[in-house]
Amino acid sequence: MHTTPNAVQTGSPQGMSSRRVFVIGATGTIGQATVRALLQRGHQVVCFVRPRAGVRGALAADVSRQLLQGATVRFGAVTDPAALARDGFCGEHFDVLVSCLASRTGAPKDAWAVDHQAHVHALEAARAAGVTQVVLLSAICVQKPLLAFQHAKLAFEKYLIESGLTYSIVRPTAFFKSLSGQIERVRRGKPFLLFGDGRLTACKPISDRDLGAYLADCLDQPERQNRILPIGGPGPAITSREQGDKLFALLGRSPKFSHVPVALLDVIIALLGTLGRLIPTLADKAELARIGRYYATESMLVLNPQTGQYDADATPSTGTETLFDFYADLASGKVATERGDHAVF
Ligand SMILES: NC(=O)c1ccc[n+]([C@@H]2O[C@H](COP(=O)([O-])OP(=O)(O)OC[C@H]3O[C@@H](n4cnc5c(N)ncnc54)[C@H](OP(=O)(O)O)[C@@H]3O)[C@@H](O)[C@H]2O)c1
């Protein structure tokens, strides 16, 4: 078991110890779930968040405090090393840094500032505060890096591995929110949009709660330490076509699909890329289209480097919650989902 000078025994059946955990990216989808999981495991959690957090700054400070109830919430700029030390770590000792921080847009400048540089600053501030262990939420897609945000994430993964700190780099497959964007279209009687025949890609979706639990358990499970951990949810890999079929069945509608050729995305990318040389905001839109194309053509599964093929069987699973149960809850109005800045549909 990994212990630190101020570890507190909780007396839990597993003999796990309570640690002082500094969390960045706590207001995000997986950040919130991870904070809940850390608190359930008896850790002392301090979250460092923006004064206005959430998608387009929708969360005021008191809302963030409420969302992260049970944790201490401190406010400041994670991108500023002085603010991290002064307003975040506050000269106190911490044991673990957990990061669910990620650029909300995926635009190159934002990605390098957040997915790489802010993480470097946070790691160094954490090390100065006594942290010996880091749990990083990354993404499975960095195994085939074609996009700016993937390169930024990989650069920090490398920095973390070389830091000498104990690390867990968690690379999950697709989140439920990213696979739920079309429910409103379908509800309104519109067709479900598919790239190609809808069977170009597959993923093993993972729920927020299952991923939060997986990340929190990295603190105490040596087999999850000093490793890169690809991880999916329970059950078989699912294609876009299967997602559409399920949504129609749950909403009691006959299936209706529209097929979008991938070549159309190539035309959009080329057009925005050219115009983006003159108008910077269009360059960001071109990157958004590249991100869309990536997810339209690459599976969120472990890539076999020998064959260059994605391999569902080689993609580990965790948890109990399935995408189709989540769709049923969405269809019945039991839950709602927040889409985020780079939603494609
Ligand atoms: N979506 C998927 O299907 C999927 C699949 C696999 C892996 N992933 C990866 O999982 C990670 C997290 O995903 P998520 O959906 O939980 O992210 P999210 O909901 O977009 O949350 C991002 C977090 O980072 C914070 N953040 C972003 N820019 C910031 C800045 N400039 N300053 C301070 N904080 C900033 C956000 O704070 P605010 O609330 O203040 O904005 C928020 O707490 C990403 O790395 C993503 O690549 C995603």
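Computed values, structure above
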read-out	value
Between segment 31-46 and segment 243-320, the alpha-carbon center distance in angstrom	32 Å
Highest-first arrangement of 166-178, 195-207, 20-32, where packing means the average Cβ count within 10 Å	20-32, 166-178, 195-207
Efficiency of FRET from Cβ geometry, residue 162 and residue 82, R₀ 35 Å, rounded to 0.05	0.90
Inter-part distance where segment 78-117 and segment 133-200 are each reduced to a Cα centre, Å	19 Å
Once the Cα gyration tensor of segment 136-176 is diagonalised, semi-axes √(5λ) in Å	18, 13, 6
Apportionment of accessible area to carbon and sulfur, segment 90-210, percent (1.4 Å)	57 percent
Stretchable slack from residue 56 to residue 313, in nm (0.36 nm times residue separation minus alpha-carbon distance)	88.7 nm
Cα-based convex hull, segment 200-345, per residue volume (Å³, whole number)	170 Å³
Contour excess over end-to-end distance, with Cα ends at residue 69 and residue 257 and 0.36 nm allotted per residue	63.4 nm
For the chain: accessible area per residue (Å², 1.4 Å)	45 Å²
Restraint check, 153/190; 109/246; 256/285; 109/204; 177/256, Cα-Cα greater than 26 Å	153/190; 109/246; 256/285; 109/204
Antiparallel DSSP beta bridges within the chain, as percent of all bridges there, nearest 5	15 percent
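The values are calculated or read from the model by the stated rules, or taken from the named source; none is laboratory data. Given the structure is predicted, the values throughout are model-derived calculations rather than measurements. Positions of Cβ are generated from backbone atoms using ideal geometry, with glycine treated the same way; all protein chains shown enter the neighbour counts. What goes into the accessible areas is simple: the full protein's heavy atoms, side chains included, and nothing from ligands, DNA or RNA. Shrake-Rupley method; radii C 1.70, N 1.55, O 1.52, S 1.80 Å.
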